[in-house]
1. Pick from G236, G212: which is free of Cβ contacts under 8 Å to residues at least 60 places away in the same chain, small (G, A, S) and part of a loop (DSSP other than H, G, I, E, B)?
2. Working only within the stretch 198-236, note down all residues that are within 20 Å of the chain's Cα centre (by Cα) and either farther than 23 Å from I88 by Cβ or among the basic types (K, R) (or both).
3. Suppose we keep only residues that are in contact (Cβ under 8 Å) with a residue 40 or more places away in the chain and part of a strand (DSSP E or B) within the stretch 106-139. Which one would you say is surrounded by the fewest Cβ atoms within 10 Å (Cβ to Cβ)?
4. Identify the residue in the stretch 84-104 that is modelled with pLDDT under 95 and touching a strand residue (DSSP E or B) at 6+ places or on another chain (Cβ under 9 Å) and, among all such residues, is nearest to I230 (Cα to Cα).
5. Considering only the stretch 153-168, I want to know if a residue exists there that is of a type in the set (A, V, I, L, M), without any contact (Cβ under 8 Å) to a residue 12 or more places away in the chain, surrounded by fewer than 18 Cβ atoms within 10 Å (Cβ to Cβ) and part of a strand (DSSP E or B).
6. Being buried (at least 17 other Cβ atoms within 10 Å of the Cβ) and in contact with a Phe, Trp or Tyr (Cβ under 9 Å, 6 or more places away or on another chain) is the filter; apply it to the stretch 76-97 and report the residue that is farthest from I189 (Cα to Cα).
7. So the check is Cβ under 7 Å with 6+ separation or different chains; which pairs have a first residue in the stretch 173-188 that's over 19 Å from V240 (Cα atoms) and a second one that's charged (D, E, K, R) and surrounded by fewer than 17 Cβ atoms within 10 Å (Cβ to Cβ)?
8. From (1) under 21 Å from A87 (Cβ atoms); (2) part of a loop (DSSP other than H, G, I, E, B), pick out the condition that doesn't hold for V205.
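The values are calculated or read from the model by the stated rules, or taken from the named source; none is laboratory data. This one's a predicted model, so the numbers in the text were calculated from it and none came from an experiment. With ideal geometry, Cβ positions are generated from the backbone for all residues, glycine too; neighbour counts draw on all protein chains shown.
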Amino acid sequence: MSYLEKCIKGMSITLILSLVVFIFSNLTYANKSIPDRLVNRNSGTIFISGRRVMRIRHSGDYSSIDERTEKIYKRLSDLFTHPPSGAINFYVAPESKQVIAYCNQKLLFSVYPSDASLNNSEMLDLALLWLNQIQMEFYRLYDGYEGRVVNKIIGLASWYGPRFSGRTTACEEVFNPYAFTAAHRTLPIGSILLVSNPDNGKKVVVRVNDRGPRSKNREIDLSLAAAKAIGIHQSGVDDVTIEVIE
């Protein structure tokens, strides 16, 4: 092989290697710079994928609104960057001076009386609203989810609450009325459902962790948290649309 041929061959190998490195580097950069669900914050407002999920108007137990917003931002960023494995449980814990929101025992945020007052709401209702908006983003259920719907059911929903608190569910979990869960007679345990109230357009994400309802004319039993989120808590029983998400 001549000297010229050796040079051309060497240049070809170098060019191929450089091209591979360039493509890999750009793919890596793209993956880092364009996450699936981008959590961001600006002046007390938390955004996920460009949508506002909560607006912080009071410092709460922190020194400033900015500090409190930063703490929540970091927790949500960690949730979306390192999602938990296995069953995922979004729930709130009402206390006398605050309502605390969790995902699998990891603190996400707290709602204080000042938050409720500034948002013309109750602490529990505001905490459920914010947490449901977060889990809607977590399960990618704001837009383009229709292709993931494997079943659609229309029927009556009822709810069960504090009277059943602490009882063991069908999947051996302890029932928590303030978790976003539901009971269904046939859908697989662990199914993720998007339940909608056609009267007001409100939607909530629930995970099936129990069997029910006992009443044959009802399709689903929602937890108290889920019932409040879509506004059927007062009526007790109402029509809903259930979409089973793949």
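1. G212
2. Those that are within 20 Å of the chain's Cα centre (by Cα) and either farther than 23 Å from I88 by Cβ or among the basic types (K, R) (or both): G201, K202, K203, R207, K228, G231.
3. The extreme case among them is S110.
4. Only one residue tops the list, namely A87.
5. No: the stretch 153-168 contains no residue that is of a type in the set (A, V, I, L, M), without any contact (Cβ under 8 Å) to a residue 12 or more places away in the chain, surrounded by fewer than 18 Cβ atoms within 10 Å (Cβ to Cβ) and part of a strand (DSSP E or B).
6. L76
7. Every condition considered, the pairs that remain are F175/R167.
8. Only one criterion is unmet by V205, namely (2).
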